[in-house]
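Right, one structure below, let's go through it.
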Amino acid sequence: MAQVAVAHAAEHELGFWRKYVFATDHKVIAKQYLWAALLMALIGGLMAAMFRWQLAWPDASVPGWGPMGPQDYMVMVTMHGTIMVFFVAMPILLGAFGNLVIPLMIGAGDMAFPRLNMASFWVFLVGCVVLLASLVVPGGASPAGWTGYPPLSDKVEFTGSFWGINLWILGLALEFVGFLLGGINFLTTVVTLRTRGMTMWRLPLIVWQEIAAVAIFLLSVGPLVAGAIMLLLDRVAGTAFFLPHRGGDPLLWQHLFWFFGHPEVYVIALPGFGIMQEILPVFARKPTFGYRTIIWCTVVACFLSLIVWAHHMYVSGIDPRLATPFSIATIAISIPFAIMIFAMIATLWRGSISFETPMLFSLGGLVTFLLGGVTGIFLGSDTADIYLHDSYFVVAHFHYTLFPVVFFAGFAGIYYWYPKMFGKLMSETLGRVHFVLTFIFFNAAFIPLFMVGLAGGPRRIYSPMAYDLLKPLQPLHVVATVATIGLVLGQLPFIVNFVMSMLWGEKAAANPWHANTLEWTVDSPPPHGNFAHPPVVTRGPYDYSMPGAKDDWYPQTAPFSGQPQET
Amino acid sequence: MYEKPIGLNGGRYAEAESPKPGDPVVGVLIFLASETMFFAGLVTAFLVSRAASLDWPPLGQPRLPVLATAFNSAFLLASGFTMWRALQDRRCDQANFQRWVAVTAGLGAIFLALQGVEWIRLLRFGLKASSGLYGATFYTIVGAHALHVAAAVAVLLLVALRARQRHLADPAWRGVTACAIYWWFVVGLWPILYALVYLS
């Protein structure tokens, strides 16, 4: 213990490099992840705007790019998907918010392995650089889709991209290593560093959902790494794991990929839900409805997430007898998520709701995710999927599930924890403008794609004018593209708000939202080591508006009987 | 509201007044869950490839050296014992501890060297990774395991070196236990892979 205290004292005298660059403080690492993710989100978003431009006006030159042929289009779509899932969603939801809130919420001074945490970020950042480097190598970046299906991804003859796909695999591998280290850290921290009184049944829901997410990430990523090694060997060492004409099996890749790829959806969704579930009770001034039920639903969803992967493969030629059990499991996994959604709605029921920006984004996320979840039921049924598979319906569906948890919940989290990260409050006015623009343009961009998909419009076609039967769908693409450009421009208020508040924002008090969890009992931003004295937790995290209490909130450290302490 | 307060009356939390440093043993066990799934992925690929092939091993391909590899494996298995022996000594006899760790790493290195010799012989006989699924799965699985052993040998050498330089001031440091657990994982995994790849 003495060693730890000495180490912390010494940390205060660190120079610029150890304090801000090669930092071991979880709060600094969280911010590093956030910056990296926001930068990658900007790149991924601009790519989306560019290939959407191509879909709306196929004969026009794309601004900032020039004429976009099929190869360029596929590169853009591939890189957009890869960046958004692995280099935006995971670093925001796990890297930034996981790192920020886990130690603070469980009353720990830092992560269990601070240096491993630093390594996690730097390995991830090298992964970002490697992936972006693949854009400029000879032969171009990977056009093989974010799922990298062989045989297309397997031989340079099929795509013309040799180093592009190799670097794509390498960049992903580095990202996996980064989050593997981070995930080990998250789990070990929650298992070993909870403060006195912080039982598992008093953890804030986001902590549960962060560790549930990394647990399924850790269990599912191994087979994909194995598959990635085999794919790389196919490309550089002449093996034929996935080449059918030499005895290999391309479906093997699909199994290995989706064994990871589907749990990955929940790796992203659960922390996003966690953010919403933290924010809803604070701004509804009510205890979370069904705290334990939500936790059990999380656990059940994690187990089910490992046995639904083949629903991505209904039309790949798998045995129909295999498709049916996967279809049943897929429909079943919507049950725990439906319960969580209902619990969130019930939390709002008769609450004293106030619509600050974090709450607006949480509610926006809830509403849009609902639409994503409901459309997933059609796709989860193998019979309906035969028609809808690989159409824009799928594109609209997964954007309706991922955008709410990554961006609506992510922005909600940024607005909510910004005081804890930077010590300043963000502008409410700009925040509301940002929300309105994001909400309107997101829906305007993706509702037309549901219609394109239902009309039979397939994805991954670089021009809607390529086939006669797609030509009537062209106007819908124009609507979607205009809305996408609006969605990208709608982020300008956020960027201004994010930067300006940091410089000139109003200084934040320790607990600006009157929230209960432990991170609000310390200064904004918290000092290195977080807590002067280890806090003692006496109650659950959502004791709002308790009968007989003077205030409508009880910090988790308040004595069990009597009035809460003023902080 | 949700439950009675616990931990206030002494009991479980009484002694945990300040945050404990992270426990490397917990960390390595979580990591091993991930490693197990990684090898499960490779083994699945092997089983799928074998099931899809008409004959296994294919006609005209060299046979794997079952007995020679069993001989090599003995070194690796023995290292599992010497690792355990090292842990017995680490609190009472630092010199002996350091010696046993070095012996463990040495046995691992011998295993790797002998396996390398076998690989060269197999390559001379014409078993290449590019000559079919048989060679590809063999080199991938055995190679992945060999890389794990090599990494673990490097870690053990680091432990031995730091013990020699008296950097392990706290002999009960759980990091050493974590390294040992990782070593037993790569040792214990090998018989399974051997049975799958060589004996089937």
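The values are calculated or read from the model by the stated rules, or taken from the named source; none is laboratory data. Since the structure is predicted, the reported quantities are computational estimates derived from the model, not experimental observations. Quick reminder, even Gly has a Cβ in these numbers, built from the backbone with ideal geometry, and neighbours come from all protein chains shown. With ligands, DNA and RNA removed, areas are computed over all heavy atoms of the protein, side chains included. Shrake-Rupley method; radii C 1.70, N 1.55, O 1.52, S 1.80 Å.
Points worth noting:
- A:Asp319 vs. criteria free of Cβ contacts under 8 Å to residues at least 12 places away in the same chain and either in contact with a Gly (Cβ under 6 Å, 6 or more places away or on another chain) or more than 30 Å from A:Pro512 (Cβ to Cβ) (or both): yes
- Filter result for B:Val142 (under 17 Å from the mean Cα position of the chain (by Cα) and within 18 Å of B:Pro65 (Cβ to Cβ)): yes
- Subset of the stretch A:543-560 [modelled with pLDDT of 85 or more, open to solvent by 20 Å² or more (accessible area, probe 1.4 Å) and more than 10 Å from chain B (Cβ to nearest Cβ)]: A:Ser545, A:Asp552, A:Trp553, A:Thr557
- 3 or more residues in contact (Cβ under 8 Å) with a residue 40 or more places away in the chain, open to solvent by less than 40 Å² (accessible area, probe 1.4 Å) and among the small types (Gly, Ala, Ser): qualifying helices (runs of 4 or more DSSP H) within the stretch A:346-458: A:357-380, A:409-422, A:428-454
- Hey, B:Arg50 exposed (fewer than 15 other Cβ atoms within 10 Å of the Cβ), out of contact with any strand residue (DSSP E or B) (no Cβ under 9 Å at 6 or more places or on another chain) and over 20 Å from B:Ala146 (Cβ atoms) or not: no
- Hits in the stretch B:184-193 (condition: open to solvent by less than 30 Å² (accessible area, probe 1.4 Å) and either of a type in the set (Phe, Trp, Tyr) or part of a loop (DSSP other than H, G, I, E, B) (or both)): B:Trp190
- Entry remark, the stretch A:218-235: residues being within 7 Å of chain B (Cβ to nearest Cβ), within 25 Å of A:Thr188 (Cα to Cα) and either without any contact (Cβ under 8 Å) to a residue 60 or more places away in the chain or of a type in the set (Asp, Glu) (or both) number 6 in total.
- Taken together, the residues in the stretch A:31-85 that are of a type in the set (S, T, N, Q), open to solvent by 20 Å² or more (accessible area, probe 1.4 Å) and over 13 Å from A:Tyr462 (Cα atoms) amount to 2.
- Within the option set A:Phe158, A:Phe162, A:Phe186, being among the aromatic types (Phe, Trp, Tyr) and within 18 Å of the chain's Cα centre (by Cα) holds for one residue only, A:Phe186.
- Qualifying residue in the stretch A:299-315 (condition: closer than 19 Å to A:Leu203 by Cα, within 11 Å of chain B (Cβ to nearest Cβ), touching a helix residue (DSSP H, G or I) at 6+ places or on another chain (Cβ under 8 Å) and not β-branched (Val, Ile, Thr)): no
- B:Ile181 open to solvent by 20 Å² or more (accessible area, probe 1.4 Å), assigned to a helix (DSSP H, G or I) and over 16 Å from B:Asn72 (Cα atoms): yes
- Number of the condition not met by A:Gln209 [criteria: (1) more than 8 Å from every other protein chain (Cβ to nearest Cβ); (2) of a type in the set (S, T, N, Q); (3) more than 25 Å from A:Ala141 (Cβ to Cβ); (4) over 17 Å from the mean Cα position of the chain (by Cα)]: (4)
- The requirement of being more than 26 Å from the chain's Cα centre (by Cα) and open to solvent by 40 Å² or more (accessible area, probe 1.4 Å) is fulfilled somewhere in the stretch A:281-298, by at least one residue.
- Conditions (1) open to solvent by less than 10 Å² (accessible area, probe 1.4 Å); (2) closer than 18 Å to A:Pro541 by Cα; (3) within 14 Å of chain B (Cβ to nearest Cβ); number of the one not met by A:Gly274: (3)
- Which listed residue, of A:Pro534, A:Pro464, A:Pro493, is within 14 Å of another protein chain (Cβ to nearest Cβ) and touching a residue at least 12 places away in the same chain (Cβ under 8 Å): A:Pro534
- For A:Leu252: the one exception among (1) free of Cβ contacts under 8 Å to residues at least 24 places away in the same chain; (2) part of a helix (DSSP H, G or I); (3) at the interface with another protein chain (Cβ under 7 Å from one of its Cβ atoms): (1)
- Yes/no for A:Phe259 being open to solvent by 20 Å² or more (accessible area, probe 1.4 Å) and under 19 Å from the mean Cα position of the chain (by Cα): yes
- Residue count for the stretch A:142-172, restricted to those that are assigned to a helix (DSSP H, G or I), closer than 23 Å to A:Phe217 by Cβ and open to solvent by 40 Å² or more (accessible area, probe 1.4 Å): 1
- For the stretch B:124-135, the candidate set comprises residues that are without any contact (Cβ under 8 Å) to a residue 12 or more places away in the chain and facing chain A (nearest Cβ under 9 Å); within that set, the residue that is surrounded by the most Cβ atoms within 10 Å (Cβ to Cβ) is B:Ala129.
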